[in-house]
1. Listed here are the pairs 59/98; 98/185; 84/142; 142/181; 98/181; 144/191; which of them are more than 25 Å apart at the Cα?
2. Each label point is 7 Å from the Cα along the Cα-to-Cβ direction; what then is the distance between the points at residue 159 and residue 108, in nm?
3. Please report the spacing between the Cα centers of the range 71-102 and the range 156-202 in Å, no decimals.
4. Quick one: net charge of residue 146's neighbours, Cβ under 15 Å, K/R +1, D/E -1?
5. Once the other residues with Cβ under 12 Å from the Cβ of residue 119 are scored (Lys, Arg +1; Asp, Glu -1), what is the net sum?
6. Can you tell me the length gained on complete extension of the stretch residue 184 to residue 87, counting 0.36 nm per residue apart and subtracting the Cα distance?
7. Let me make sure I get this right: for the range 57-210, a, b and c are the square roots of the gyration tensor eigenvalues over alpha carbons, sorted descending. Under 1.5 in a/c it's rounded, otherwise prolate if a/b > b/c, else oblate. Which is it?
8. What is the fewest-to-most order of 113, 145 by other Cβ atoms lying within 10 Å of their Cβ?
Amino acid sequence: MDVYKTEEEQVEAIKKWWNENGKSIIAGIIIGIIGIFGWRAYDDNIIVQAEQASVIYEKMIVASRTSDEENVLVYANRIISDYKSSTYAIFASLMLAKIAAEAAELEQAETHLRWILANNSQVEFEHVARLRLARVLIASDKLKLASEMLDINDSGDFIARYDELRGDIYVRQNRPDEAIKAYEKSLANTKGSADGQSILKMKLNNLGRS
């Protein structure tokens with residue numbers, strides 16, 4: 001059976017062989033056994049992969065806390081390379097994007113954040129990546145692309161952040177009236193964040209709206 005590339009191909013081969021020999025009941029038993037042990041092996045492998053990624057991720061966090069940027073980059077890139085499908089790869093990419101943005105390497109930050117959007121299936125991470133990418137694009141003066149990044153039907157619990165960034169774009173485009181409306185909408189939806197409200201009020205004050 002080693003010549004077959006997937007478990008599904010193995011099962012199909014067994015089905016065909018036993019059907020040709022009129023042993024359908026026995027075939028069902030064998031297929032069931034293969035299915036059970038095959039999925040167990042798959043599950044075990046996923047668990048092992050997650051544990052290994054977790055260990056490297058912890059090392060990355062420790063390196064980050066001690067400002068050991070060299071090792072942060074090493075661990076983050078290793079997670080993305082070896083455990084691409086894990087949630088840890090998303091966290092690692094966010095870390096790399098943050099480091100790049102802080103170093104004013106905006107194109108590199110954009111690349112990391114776009115990777116997340118292309119390789120992530122979780123709604124929360126999509127919002128985080130979109131918002132951070134929009135900020136990077138605004139800083140890069142790519143306002144049209146930033147607006148497109150914010151153009152979604154359901155912003156969920158992140159609605160205030162989307163509106164704030166829309167306001168930032170309007171400010172850059174010298175459209176103060178629209179910026180004020182966006183900031184006011186964001187402020188109305190900002191809950192439980194004194195810092196967030198203070199920043200929005202400051203932006204409104206800068207536009208002459210108290």
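No lab work stands behind these numbers, since they all come straight from the coordinates. Just so you know, these numbers come straight off a predicted model, no measurement behind them. When we count neighbours, we look across all protein chains shown, and the Cβ atoms used for this are built from the backbone with ideal geometry, even at glycine.
1. 98/185; 84/142; 98/181; 144/191
2. Those two pseudo-labels are separated by 3.8 nm.
3. Between the Cα centre of the range 71-102 and that of the range 156-202, the gap is 30 Å.
4. Local charge sum for residue 146: +1.
5. +1
6. 31.5 nm
7. Verdict is prolate for the range 57-210.
8. Result, fewest neighbours first: 145, 113.
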